[in-house]
Amino acid sequence: MFSNLTLRKIIAYGSEDYDQALALRDRLLRKPLGLSLYDEDLSDEKNNYHLGIFRGPELAAVLVLIPRDSTTLQMRQVAVDTALQGQHLGARLIAFAESFAATQGFTRIVLNARQTAEAFYRKQGYTSVGEPFVELGIGHVRMEKKIKKDQA
């Protein structure tokens with residue numbers, strides 16, 4: 001099932017792969033809300049880590065890791081192409097992100113999960129922190145996970 005999938009550690013900011021990442025994130029995470037990712041200020045994204053799974057040259061799944069301090073990354077904008085959902089690509093990408101984080105010396109990942117995705121993140125070992133809140137009109141919950149160096 002995954003023989004033609006390639007994991008790429010980092011999608012370079014401003015590259016063709018980055019353009020694909022923006023398009024996938026916009027299509028799956030913003031357009032359903034009547035928003036456009038391209039209306040946002042994306043200039044800080046050059047300081048973030050963009051990780052993806054590709055099927056040949058086409059992006060299948062993406063996430064963004066934002067350094068918050070010397071030990072913490074925030075995971076955002078996790079998206080898996082609709083046609084490829086249900087194949088555990090999200091779980092594989094998150095496991096890869098955790099391994100990557102450990103190799104970079106980070107010890108914690110935090111995220112704001114949509115409440116509809118909370119069970120998915122729990123299966124990946126994340127725990128809820130604090131009370132649910134609304135962001136972009138959608139219920140969210142803050143979650144976190146400690147990353148161990150042996151995950152690298």
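The values are calculated or read from the model by the stated rules, or taken from the named source; none is laboratory data. For clarity, every value in this text was computed on a predicted model and none was experimentally measured. Neighbour counts run over all protein chains shown; Cβ positions are idealised from the backbone, glycine included.
Couple of notes before you dig in:
- Residues in the range 3-40 that are among the small types (Gly, Ala, Ser) and over 15 Å from Gly52 (Cα atoms) were compared, and the one that is modelled with the lowest pLDDT is Ser3.
- Any hit, the range 23-34, residues being out of contact with any Leu (no Cβ under 8 Å at 6 or more places or on another chain) and more than 24 Å from Gln85 (Cα to Cα): no
- Unmet requirement for Thr71, which otherwise passes all of (1) surrounded by 16 or more Cβ atoms within 10 Å (Cβ to Cβ); (2) over 15 Å from the mean Cα position of the chain (by Cα); (3) over 18 Å from Glu16 (Cβ atoms): (1)
- Residue in the range 42-53 that is within 13 Å of the chain's Cα centre (by Cα) and modelled with pLDDT under 90 present: no
- Subset of the range 27-36 [of a type outside the set (S, T, N, Q), part of a loop (DSSP other than H, G, I, E, B) and without any contact (Cβ under 8 Å) to a residue 60 or more places away in the chain]: Gly34
- The range 37-49 residues that are surrounded by 12 or more Cβ atoms within 10 Å (Cβ to Cβ), paired with ones that are of a type outside the set (Val, Ile, Thr) and not in a helix (DSSP H, G or I) (beta carbon under 7 Å, 6 or more apart): Glu45/Tyr13; Asn48/Leu65; Tyr49/Leu65
- Whichever residue in the range 57-80 is assigned to a loop (DSSP other than H, G, I, E, B) and out of contact with any strand residue (DSSP E or B) (no Cβ under 8 Å at 6 or more places or on another chain) and, among such residues, is modelled with the lowest pLDDT: Pro57
- Within the range 119-152, the set of residues being of a type in the set (Asp, Glu) and under 14 Å from the mean Cα position of the chain (by Cα) comprises just one member, Glu144.
Table: residues versus (1) over 20 Å from Arg25 (Cα atoms); (2) surrounded by fewer than 18 Cβ atoms within 10 Å (Cβ to Cβ); (3) in contact with a helix residue (DSSP H, G or I) (Cβ under 8 Å, 6 or more places away or on another chain); (4) touching a residue at least 40 places away in the same chain (Cβ under 8 Å).
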residue	(1), (2), (3), (4)
Arg76	no, yes, no, no
Asp81	no, no, yes, yes
His88	no, yes, no, no
Ala91	no, yes, yes, no
Ala102	yes, yes, yes, yes
Phe106	yes, no, no, yes
Asn112	no, yes, no, no
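- In this entry, Ala113 passes the filter for residues that are part of a strand (DSSP E or B), within 27 Å of Ile10 (Cα to Cα) and at pLDDT 95 or above.
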